[in-house]
Amino acid sequence: MKLKMKTRRAAAKRFKKTASGEFKRAKAYKSHILEKKSPARKRNLRKATLVHKTDHERVVKMLPYA
């Protein structure tokens, strides 16, 4: 009997796979203490970014069906 692998639900909520096979993620430091951060800094934090190549394998293991 072959068992299904489980997806890490926390990772599934944080990462989305792109068409090229990379993973995109939201940037950190955008949830609180926003008054002292400049508008340009907050604007940059809104933009999604890609998971670094050194972490790609770790994300793939957490999301076996992505």
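Within region 31-55, take every residue that is within 14 Å of the chain's Cα centre (by Cα) and part of a loop (DSSP other than H, G, I, E, B) and give me the one that is surrounded by the most Cβ atoms within 10 Å (Cβ to Cβ).
Val51
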Going by the conditions given, is Lys16 surrounded by fewer than 13 Cβ atoms within 10 Å (Cβ to Cβ) and out of contact with any helix residue (DSSP H, G or I) (no Cβ under 9 Å at 6 or more places or on another chain)?
-> no
Yes or no: Tyr65 closer than 18 Å to Arg9 by Cβ, of a type outside the set (A, V, I, L, M, F, W, C) and outside any helix (DSSP H, G or I)?
-> yes
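Computed from the coordinates by the stated procedures, all read-outs in this text should not be read as laboratory data. These numbers were taken from a predicted model, which means no experiment stands behind them. Positions of Cβ are backbone-derived with ideal geometry, glycine not excepted, and every protein chain shown enters the neighbour counts.
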